[in-house]
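Structure, as structure tokens:
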Amino acid sequence: MGRVSGKVALVTGAASGIGRASAEVLAREGATVVLTDVQAGEEAAAGIRAAGGKASFHKHDVTRESRWGEIIAGVEREHGRLDVLVNNAGIAVAGLVTDLTLEQWRHQMAVNVDGVFLGVKWALPLMRNSGGGSIINISSIAGLRGAAGLSAYCASKGSVRLFTKSVALECAAARDGVRCNSVHPGIIETPIWGQVVPGSNEPLDLDAMSAVRVPLGRKGMPTDIANAVLFLASDDSSYMTGEEMVVDGGMTVGNPQ
Ligand SMILES: NC(=O)c1ccc[n+]([C@@H]2O[C@H](COP(=O)([O-])OP(=O)(O)OC[C@H]3O[C@@H](n4cnc5c(N)ncnc54)[C@H](O)[C@@H]3O)[C@@H](O)[C@H]2O)c1
């Protein structure tokens with residue numbers, strides 16, 4: 001038996017990086033996984049099926065409310081229940097605050113904040129009908145502290161942090177069996193880092209950056225976050241809600257040097 005056997009999980013932004021790794025780990029541990037992404041992700045779902053897991057992929061822009069309705073209706077039709085929602089889809093809009101346009105700010109908020117809100121709003125009724133569940137919102141250490149050049153991203157991730165706690169309390173008060181926690185990754189090697197250097201096309205050297213900034217001395221990999229997602233999705237974390245799980249090699253604990 002896997003750690004999430006029998007559960008149905010929906011993972012957004014699952015074509016790449018942390019979302020893809022989370023979908024793979026959840027499937028490996030026995031969940032039926034519905035992967036969604038605004039970009040093509042059939043290959044990720046096919047890879048899971050080839051490894052013996054249960055997975056499907058659906059095109060899904062998390063900022064579109066009507067599409068959320070279709071996705072959740074599809075999960076109910078196909079699987080009859082929803083136990084785990086991983087609100088992972090995200091983008092990083094970089095730029096000094098004086099350079100950011102209102103359009104860029106709103107796009108950042110639309111994907112990282114509206115997307116998480118809509119996910120919770122549309123998934124919660126089905127989760128409640130399923131007898132409970134676990135909502136996992138991917139925030140960031142940028143949701144715990146500021147970062148120059150990333151004000152919009154930090155604002156969006158801080159918003160996810162407190163939204164998570166409020167949803168956790170609403171669910172607890174409703175005694176609906178739904179838990180809601182946030183995960184705060186540090187420096188994880190994924191394509192998102194291509195978005196975060198303002199005015200530069202040079203890829204960041206994550207190894208060099210991590211050697212200096214991360215107490216453990218190395219960058220994280222998507223599976224490091226997927227393993228935290230697995231724990232929060234599983235019944236091993238059944239007494240945790242409203243919690244912020246930091247997975248950052250010690251970055252936010254203190255200054256490495
Ligand atoms: N990589 C890191 O170091 C790091 C650190 C902290 C937090 N995070 C967070 O982890 C999450 C996953 O990011 P990642 O690092 O795997 O990056 P990634 O770019 O590899 O994955 C993000 C995925 O989200 C999808 N996406 C973007 N906009 C979308 C939309 N409107 N609707 C649906 N899907 C959309 C992308 O297509 C992509 O597949 C994000 O929320 C990110 O902010 C990442």
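The values are calculated or read from the model by the stated rules, or taken from the named source; none is laboratory data. In this text, all values refer to a predicted model and were calculated from it rather than measured experimentally. Please note: Cβ atoms are built from the backbone with ideal geometry, for glycine as well, and neighbour counts cover all protein chains shown.
Looking at this structure, is residue 232 among the aliphatic types (A, V, I, L, M) and in contact with a Phe, Trp or Tyr (Cβ under 8 Å, 6 or more places away or on another chain)?
Numbers: among the aliphatic types (A, V, I, L, M): yes; in contact with a Phe, Trp or Tyr (Cβ under 8 Å, 6 or more places away or on another chain): no.
Criteria not met by residue 232.
What pairs come out if I take residues in region 90-102 that are within 10 Å of residue 152 (Cα to Cα) and pair them with residues that are hydrophobic (A, V, I, L, M, F, W, C) and within 11 Å of the ligand (Cβ to nearest atom) whose C-beta lies under 8 Å away, six or more apart or interchain?
92/150; 92/192; 92/196; 94/150; 94/196; 100/93
Go through (1) away from the ligand (no atom under 15 Å from the Cβ); (2) closer than 18 Å to residue 68 by Cβ; (3) crowded, with 18+ Cβ neighbours inside 10 Å and name the single condition residue 171 misses.
(2)
Give me the residue from region 85-99 that is within 23 Å of residue 190 (Cβ to Cβ) and assigned to a loop (DSSP other than H, G, I, E, B) and, out of that set, farthest from the ligand (Cβ to nearest atom). Don't jump to the end; show me each part of the working.
Of the residues in region 85-99, the ones within 23 Å of residue 190 (Cβ to Cβ) are 85-95.
Subsequent filtering for residues that are assigned to a loop (DSSP other than H, G, I, E, B) retains 88-95.
On the way: 88: 5, 89: 3, 90: 2, 91: 5, 92: 6, 93: 11, 94: 12, 95: 16 Å.
Checking each candidate, the answer is 95.
In this structure, does residue 36 turn out to be among the polar types (S, T, N, Q), within 27 Å of residue 220 (Cβ to Cβ) and not in a helix (DSSP H, G or I)? Before you say what the answer is, go through the steps one by one.
Details: among the polar types (S, T, N, Q): yes; within 27 Å of residue 220 (Cβ to Cβ): yes; not in a helix (DSSP H, G or I): yes.
In short, yes.
Quick one: what pairs do we get from region 61-80, first residue at pLDDT below 95, second buried (at least 16 other Cβ atoms within 10 Å of the Cβ), C-beta under 8 Å, 6+ apart or different chains?
That search, which allows pairs on different chains as well, returns nothing.
Identify, please: which residue in region 100-141 is near the ligand (Cβ under 10 Å from one of its atoms) and assigned to a loop (DSSP other than H, G, I, E, B) and is, among those, farthest from residue 189 (Cα to Cα)?
Only one residue fits best here, namely 139.
Is there a residue being within 11 Å of the ligand (Cβ to nearest atom), over 16 Å from the mean Cα position of the chain (by Cα), more than 12 Å from residue 11 (Cβ to Cβ) and among the basic types (Lys, Arg) anywhere in region 60-81?
Taking every residue of region 60-81 in turn, at least one turns out to be within 11 Å of the ligand (Cβ to nearest atom), over 16 Å from the mean Cα position of the chain (by Cα), more than 12 Å from residue 11 (Cβ to Cβ) and among the basic types (Lys, Arg).
Test residue 242 against the criterion of being in a loop (DSSP other than H, G, I, E, B), out of contact with any Phe, Trp or Tyr (no Cβ under 7 Å at 6 or more places or on another chain), of a type in the set (Gly, Ala, Ser) and surrounded by fewer than 19 Cβ atoms within 10 Å (Cβ to Cβ), and give yes or no. Break it down stepwise before answering.
Details: in a loop (DSSP other than H, G, I, E, B): yes; out of contact with any Phe, Trp or Tyr (no Cβ under 7 Å at 6 or more places or on another chain): yes; of a type in the set (Gly, Ala, Ser): yes; surrounded by fewer than 19 Cβ atoms within 10 Å (Cβ to Cβ): yes.
Considered against the rule, which asks whether it is in a loop (DSSP other than H, G, I, E, B), out of contact with any Phe, Trp or Tyr (no Cβ under 7 Å at 6 or more places or on another chain), of a type in the set (Gly, Ala, Ser) and surrounded by fewer than 19 Cβ atoms within 10 Å (Cβ to Cβ), residue 242 comes out as yes.
Filter region 1-33 down to the residues that are in a loop (DSSP other than H, G, I, E, B) and not small (Gly, Ala, Ser), then identify the one that is nearest to the ligand (Cβ to nearest atom). It would help to see each step written out before you state the result.
Here is the first cut: in region 1-33, the ones in a loop (DSSP other than H, G, I, E, B) are 1-7, 12-16, 29-31.
If we keep only those that are not small (Gly, Ala, Ser) as well, we get 1, 3-4, 7, 12, 29.
Working: 1: 28, 3: 22, 4: 20, 7: 21, 12: 6, 29: 19 Å.
It comes out as 12.
Taking the condition surrounded by 19 or more Cβ atoms within 10 Å (Cβ to Cβ), more than 17 Å from residue 245 (Cα to Cα) and more than 14 Å from the ligand (Cβ to nearest atom), does residue 180 pass? If you could, list the steps in order and put the result at the bottom.
On the way: surrounded by 19 or more Cβ atoms within 10 Å (Cβ to Cβ): yes; more than 17 Å from residue 245 (Cα to Cα): no; more than 14 Å from the ligand (Cβ to nearest atom): yes.
No.
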